[in-house]
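In what follows, a single structure is set out as structure tokens and then discussed.
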């Protein structure tokens, strides 16, 4: 187990280094001067340009810039905006709301998606199963920003069941509607995945044995369900990246002052440093979550042993 | 359907020389013809396939010939009609600038489909090539290409796209094709690893099969083996994957445009219409609802088509 963890950590180090370098190279090696938009529509004064170039090593080769960027990143320094606000400072202020939003979304995913998956698997081939399949297929192709806008419009602005925009504090109850909007796509996939896998498992020999020895139905289903949870957990882990991307959109729509809202507002203000810093952190978080998910396998499936 | 029957008839007509071999040949004959023929037979009976392909064809025609669907000029906007609800002059109403929403939706098809198709073609080419090379040669080449794919795969799609698009400063007076190309390239750069992975595992599955080894033993060169013996089993999963991705790319482009990062300049797109309409969602919901529906239907058409194809070509899913 520990050797496996060590190997995975090494692999992840490689991927994190590669991914951050890639981002860095893409962002900074692209045509366009990072200082060009800094002073509005006129050119920045020459002295200021020189000072900024020195400060951000803009005249150094790519690898020097990257090394200093990573060193700063490891020290928790994500740079600052042209306006002088610290990226890390803003990030720390924004993350609790986003964590709440993500937890609500994952909660909906697991509970509603799980229930839908189990129910449709048990009613395979019946009318309700076909109806659920059709509905989930349609929902799976609605982009998250459309879902968010529609829910805000319908349930927020028209019916007034939920607040249409979120206060700066972003309490749990306020975040229910955005969290649900964020979860819809993943929820649909969880339901479909669980249905397919559970149908497979319910046909397995061990399930027939369990039925033959007279176990009550719910115990039999639980037997199969435990094995079907593995792909679901993998999916939720892998989907975490999409969830973070969706959070940017949903937070923008509902004016939530979380990490995603921060990114959207920075995009509109053309603060590239903020966008790049925050998104890089999100990507590292995503990678760590995926590592944890892989390690979770062993707990869920005793057949998997890490050597 | 007709091919296996014809084959069987042809075999019957000749006097059997070696009954056992003949039977085996007939079996394998039926087996080989069956993959495509069976898939087609399955597809033909699937209403989902017909509905989705009709939608896709309709969208393509709309993208190529928008003039067939509306006689209005999408750029002709009457400010006096700003945010008018649907009326006889404009079936879906007018947007903030007083443009005809229906005309803008029709003309917006081109950009969305162009981005989706371009990105998918690029993804397909890169994915199939890397998958073939990594899967067939194995060894260090496979290790390097797979790790490279891992790195790209590790970057969540929308996050990566936001990063790239933010750093691409818009050039004033940028032509539409350049903007479309940039977005398509961005999406493809982030989207190729899944396709490469699928192709790689498809190659590995057939690489050491008897018929490939036999071809090698008979002296076939690597390009021929790859083209004639390996590629056919890679193409199908890659095509299904690419079809699915066209839908995803269209949604991604709209999302980026919605965030103000996608297509720029005067390009008409569904995402930009939605982005503009969002601020008026409460007073003019028609500005939000119609583009949303069109966008979702377009994505659904490709997702459903991919689902139908996957079901038809994957015997396990039937």
Part-to-part distance (alpha-carbon centres) for region A:86-108 and region A:162-226, which is given in Å
24
Taking the Cα-to-Cβ direction at residue A:68 and at residue B:218 and moving 7 Å from each Cα, how far apart do the two end points lie in nm?
6.3
Measuring from the longest principal axis of the C-alpha atoms of chain A, the long axis of helix A:272-300 (C-alpha) lies at a number of degrees, nearest 10, equal to 30
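As a test of the formula, what do you get for chain B when each DSSP H run with n ≥ 4 contributes -39,500 (n - 2.57) and the sum is divided by the residue count, at 222 nm and rounded to the nearest 500 deg cm²/dmol? Show your work: numbers first, answer last.
Numbers: 11 runs with 224 residues, N = 318.
The helix-only estimate for chain B comes to -24500 deg cm²/dmol at 222 nm.
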Between B:226, B:190, B:113, where does the largest GNM mean-square fluctuation fall for chain B, given springs only between Cα atoms within less than 10 Å?
B:226
Starting from the 7 Å offset along Cα-to-Cβ, what nm value, one decimal, do you get for the label separation of residue A:293 and residue B:37?
4.3
What is the order of B:99, B:77, fewest Cβ neighbours within 10 Å to most?
B:77, B:99
Explain nothing, just the number: relative contact order of region B:28-170, from Cα pairs under 8 Å at least 6 residues apart, as a whole percent.
15
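Classify region B:275-318 as rounded, prolate or oblate from the Cα gyration tensor: take a ≥ b ≥ c as the square roots of its eigenvalues, call it rounded if a/c is under 1.5, otherwise prolate when a/b beats b/c and oblate if not.
Values: a/c = 5.62, a/b = 5.38, b/c = 1.05.
Taking the square roots of the gyration eigenvalues as a ≥ b ≥ c, region B:275-318 is prolate.
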Mean separation of Cα contacts under 8 Å (6+ apart) over length of region B:154-306, as relative contact order %:
25
Candidates B:143, B:184, B:301, ranked by Gaussian network fluctuation over chain B, Cα under 10 Å, top entry
B:143
Starting from the Cα of residue A:14, step 7 Å toward the Cβ, then list every residue of region B:143-158 with an amide N under 11 Å from that point.
B:143-151
If each part is reduced to its alpha-carbon centroid, region A:241-266 and region B:108-172 end up apart, in Å, by 24
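What is the extension gain from residue A:127 to residue A:111, computed as 0.36 nm multiplied by their sequence separation minus the C-alpha to C-alpha distance, in nm to one decimal? Please report the intermediate quantities before stating the final value.
Working: separation 16, 0.36 × 16 = 5.76 nm, distance 2.23 nm.
In short, 3.5 nm is gained.
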So what is the 222 nm mean residue ellipticity for chain A from helices alone, if each DSSP H run of at least 4 adds -39500 (n - 2.57) and you divide by all residues, rounding to the nearest 500 deg cm²/dmol?
-23500 deg cm²/dmol
Return the distance in nm (one decimal) between the two label points of a simple spin-label model at residue A:86 and residue A:21, each offset 7 Å from Cα along Cα→Cβ.
3.0
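FYI, it's all coordinate maths here, none of it is from the lab. For clarity, every value in this text was computed on a predicted model and none was experimentally measured. Neighbour counts are summed over all protein chains in view; Cβ atoms, including those assigned to glycine, are modelled from backbone coordinates with ideal geometry.
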